[in-house]
1. Taking Rg/Rh (Cα atoms, Kirkwood Rh) as the quantity of interest, determine which of (1) 1.00; (2) 0.94; (3) 0.96 was computed from the displayed structure.
2. For labels at Ser74 and Ala41 in the simple 7 Å Cα→Cβ model, what's the distance in nm?
3. Within 12 Å, Cβ to Cβ, of Arg68, how many net charges do the neighbouring residues add up to if Lys/Arg are +1 and Asp/Glu are -1?
4. At a 10 Å Cβ-Cβ cut-off, how would you order Lys23, Lys13, Lys75, fewest neighbours first?
5. Which value at 222 nm does the chain reach when only helices count, each DSSP H run of 4 or more adding -39,500 (n - 2.57), with the total divided by all residues and rounded to the nearest 500 deg cm²/dmol?
6. Taking the beta-carbon count within 10 Å as an exposure proxy, list Thr33, Thr89 from fewest neighbours to most.
7. Treating only the Cβ atoms of Lys and Arg (+1) and Asp and Glu (-1) as charged, compute the dipole magnitude of the chain about its Cα centre; round to the nearest 20 debye.
8. Can you list the HN-Hα couplings for the range 29-40, worked out from phi with the Karplus curve (6.51, -1.76, 1.60; θ = phi - 60°), rounded to whole Hz and with x for Gly and Pro?
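Derivation of every value follows stated rules applied to the coordinates shown; laboratory data play no part. As the structure is a computational prediction, the values presented were derived from the model and not from experiment. Cβ coordinates were reconstructed from backbone atoms using ideal geometry, including for glycine residues, and neighbour counts include every protein chain displayed.
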Amino acid sequence: MSEGVVSVLAALKNSDVDEARKKIEEIDREVKTERERGVMAAARGIAASMSKGKEGMLQTWDADKIRRAASQVSKSQMSDDFDRGYAETLLGYADLISAKA
């Protein structure tokens, strides 16, 4: 599962939303836990927001804003496995886009 999510995030980093969506569909069949559901929800959310860019351009996400949002989710006393999976995926994406490799 984690290799698949890494490939989804890499496709999103490269602005290949169609490839990311295809991989999300493939991975979705393997989801079994609440944490994995959170991971997939975050990946789908990133893909959805990128495809809503203006004039056909993909939106860019600020890595620091992503980290702050994920931190708030993690700090919540009411967070569960779904929330932790969601936050971990956001942090992974933030690290990926800030690497600029």
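1. Given (1) 1.00; (2) 0.94; (3) 0.96, the calculated one carries the label (3).
2. That separation, rounded to one decimal, is 1.8 nm.
3. Net charge around Arg68: +1.
4. Listed from fewest to most nearby Cβ atoms, that is Lys75, Lys13, Lys23.
5. Helix-only estimate at 222 nm: -23500 deg cm²/dmol.
6. Ascending number of Cβ neighbours within 10 Å: Thr33, Thr89.
7. The dipole magnitude comes to about 300 debye.
8. Taking θ as phi minus 60°, the curve returns 5, 8, 5, 10, 10, 5, 4, 5, 5, x, 4, 5 Hz for the range 29-40.
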